[in-house]
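Visitor: After the structure tokens below, expect a handful of questions from me.
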């Protein structure tokens, strides 16, 4: 029996037609027709409160945000320990010291009540990660940022189309980043975006994305030649990938509707089993609209989690745990000299979480089979 995969990119009809059109346009490199139309479409979908620049990855969008901060030696960035390495690495690469913050035990997002104690005279920004597409407590976080004159960068890799108190995720902080990796709801294989809510950052961000040159202005006939004017790198997404992305963005309602159905089926059908076995289901605050990016369970302990994942694998189902805490990683340890665990909730969650298969093309038959196998699992 072929194993039910943990994740697959959304496979849509007519994908190749969009790729063929990209070639027919005669522009397959970055910043072509599909790049521009995708950026405009995404700006519209986010409510028109921002500027969007497509990038080669979410990691590169984070690096662009680091460059925009003009970091100096000794500057500090507050980052949740429970996140993908890019959330911290992008800022370290440009000279920052990383200060790790713990997470809330319910949403697994950065704990806003533990941010202020981490702020020093060297703090420049707070990175927030909307875990599983459920919003961080942005009202409190933005209040703290305003009080200390800090930037807020939303790592919105999970959060496209999510909302916090009727505000679109990715448009609340000063900058935000998106991922269009194949594991995300909307994907083009590899890709990302930098979202800017401060218009004064856009011109420089465009230069950073084009290897530190004003090449984009040259192509708009605003200048007669372009030259090297700033820091930067080759962060522009190929128009071939932008063509695939454009099709996915246009199909977002259909993709999100299907993912919502799968998520809600898990949540309903596993409720009694979870309650009986002291397994915790995802928590979504009432003032948050989530993105149905993932469905996870929190087991009582590491032993039960390990046994469960092995059991599913033996029955042809791929399930996965998630991030390893950055603050205890080989590289991350350099940012803390304390012997005590500075992020105990992160450490605890890391040992207990299991993510279940969830992807757009998942059939109802496979979904029900996964649920059947889960509810048959014996904890003894």
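Visitor: Taking 1 over the mean of 1/r across every pair of different Cα atoms in the stretch 114-158, what Kirkwood radius in Å do you get?
Guide: 11.0 Å
Visitor: Something else now. Contact order normalised by length for the stretch 253-375, with contacts defined as Cα pairs under 8 Å and 6 or more residues apart; what percent is it?
Guide: RCO, the stretch 253-375: 34 percent.
Visitor: Now for a separate question. How much mean residue ellipticity at 222 nm does the chain get from its helices, if each DSSP H run of length 4 or more adds -39500 (n - 2.57) and you divide by all residues, to the nearest 500 deg cm²/dmol?
Guide: My calculation for the chain gives -11000 deg cm²/dmol from helical runs alone.
Visitor: State the Cα centre-to-centre distance between the stretch 269-307 and the stretch 350-376 in whole Å.
Guide: 12 Å
Visitor: Normalised by the number of residues in the stretch 75-172, what is the relative contact order in percent for Cα pairs under 8 Å and 6+ residues apart?
Guide: 25 percent
Visitor: Continuing with this model, one more query. What is the mean projected area of the alpha carbon convex hull for the chain, to one decimal in square nanometres?
Guide: For the Cα atoms of the chain, the hull's average projected area reads 19.8 nm².
Visitor: Next question. Please give the helix 58-68 orientation as an angle from the longest Cα principal axis of the chain, in degrees from 0 to 90, rounded to the nearest 10.
Guide: Orientation of helix 58-68: about 50 degrees from the principal axis.
Visitor: Further question: The stretch 26-49 to the stretch 136-203: how many Å between their Cα centroids?
Guide: 17 Å
Visitor: Taking every pair of alpha-carbon atoms in the stretch 35-87, what share in percent sits in each 5 Å bin, from 0 to the bin with the longest distance?
Guide: Taking all Cα pairs of the stretch 35-87, the binned fractions are 4, 16, 17, 21, 19, 14, 7, 2 percent.
Visitor: Additional query: Once both axes come from the Cα atoms, what is the angle between helix 302-314 and the longest principal axis of the chain, in degrees from 0 to 90, rounded to 10?
Guide: Once rounded, the angle reads 90 degrees.
Visitor: If you don't mind, there's one more thing I want to ask. Determine, for 85, 128, 284, the number of other Cβ atoms within 10 Å of each Cβ, and report the residues in order from fewest to most.
Guide: 85, 284, 128
Visitor: By how many degrees, 0 to 90 and rounded to 10, does the Cα axis of helix 239-250 deviate from the longest principal axis of the chain?
Guide: 50 degrees
Visitor: So, one more: Residue 198 to residue 380: FRET efficiency via 1/(1 + (r/R0)^6), r the Cβ-Cβ distance, R0 51 Å, to the nearest 0.05?
Guide: 0.35
Visitor: Return the Rg/Rh ratio of the stretch 253-375 with Cα-based radii and a Kirkwood Rh.
Guide: Reported Rg/Rh, Kirkwood definition of Rh: 1.02.
Visitor: Arrange 305, 220 by Cβ neighbour counts within 10 Å, fewest through most, would you?
Guide: 220, 305
Visitor: Using Cβ counts within 10 Å as a stand-in for footprinting exposure, how do 206, 154, 253 rank, fewest first?
Guide: 253, 206, 154
Visitor: With springs connecting C-alpha atoms under 10 Å apart, model the chain as a Gaussian network and identify which of 227, 265, 291 has the largest mean-square fluctuation.
Guide: 227
Visitor: What does the convex hull of the alpha-carbon atoms of the stretch 1-114 project to on average, in nm²?
Guide: That works out to 11.9 nm².
Visitor: Any idea what the relative contact order of the chain is, in percent, if you count C-alpha pairs under 8 Å spaced at least 6 apart?
Guide: In percent, rounded to a whole number, it is 23.
Read the figures in this text as sums done on the coordinates, not as results from a lab. This is a predicted model, so every value here is computed, not measured. Methodologically, a virtual Cβ is constructed for each residue, glycine included, from the backbone with ideal geometry; neighbour enumeration extends over all protein chains shown.
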